[in-house]
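Shown next, in structure tokens, is the structure this report addresses.
The values are calculated or read from the model by the stated rules, or taken from the named source; none is laboratory data. What you are looking at is a predicted structure, and each value in this text was computed from that prediction instead of being measured. Using ideal geometry, Cβ is built from the backbone for each residue, glycine included, and neighbour counts are taken over all protein chains shown. Ligands, DNA and RNA are stripped out before the accessible areas are found, and what is left, the full protein with its side chains, is counted by its heavy atoms. Shrake-Rupley method; radii C 1.70, N 1.55, O 1.52, S 1.80 Å.
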Amino acid sequence: MPSLSLRIERIDPLTPRIRRLILVADAQQPLPGFTPGAHIEIQIAGSKPQWRAYSLVNLPGHAHYEIAVQL
């Protein structure tokens, strides 16, 4: 999958330590489709950028991606 520019549209608390992030395309183009079990790698900004992989937890066919993040 090519690099995508995403933005967080919404953050929902699922538990005291887990948040669901709704990610949408930063551009006007639709997000690529995916299959069950797919994941995305997200670059975490900072003095030493890191990459983290997150499973997509929503069903395919939506205009957004959902991931769950443990705090």
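Miscellaneous remarks
- Output for the stretch 16-33, where each listed residue is at pLDDT below 95 and out of contact with any strand residue (DSSP E or B) (no Cβ under 8 Å at 6 or more places or on another chain): A27, Q28, Q29, P30, P32, G33
- Across the stretch 38-54, the number of residues qualifying as open to solvent by 70 Å² or more (accessible area, probe 1.4 Å), small (G, A, S) and at pLDDT 90 or above comes to 1.
- Residue list for the stretch 38-71, filter: of a type in the set (S, T, Y) and in a loop (DSSP other than H, G, I, E, B): S47
- The stretch 40-64 residues that are more than 18 Å from R10 (Cα to Cα), paired with ones that are at pLDDT below 90 and assigned to a strand (DSSP E or B) (beta carbon under 9 Å, 6 or more apart): Q50/I44; W51/I44; R52/I44
- Test for A38: is it touching a Lys or Arg at 6+ places or on another chain (Cβ under 9 Å) and not charged (D, E, K, R): no
- Residues of the stretch 1-37 that are surrounded by 13 or more Cβ atoms within 10 Å (Cβ to Cβ) and part of a loop (DSSP other than H, G, I, E, B): L4, L31, F34.
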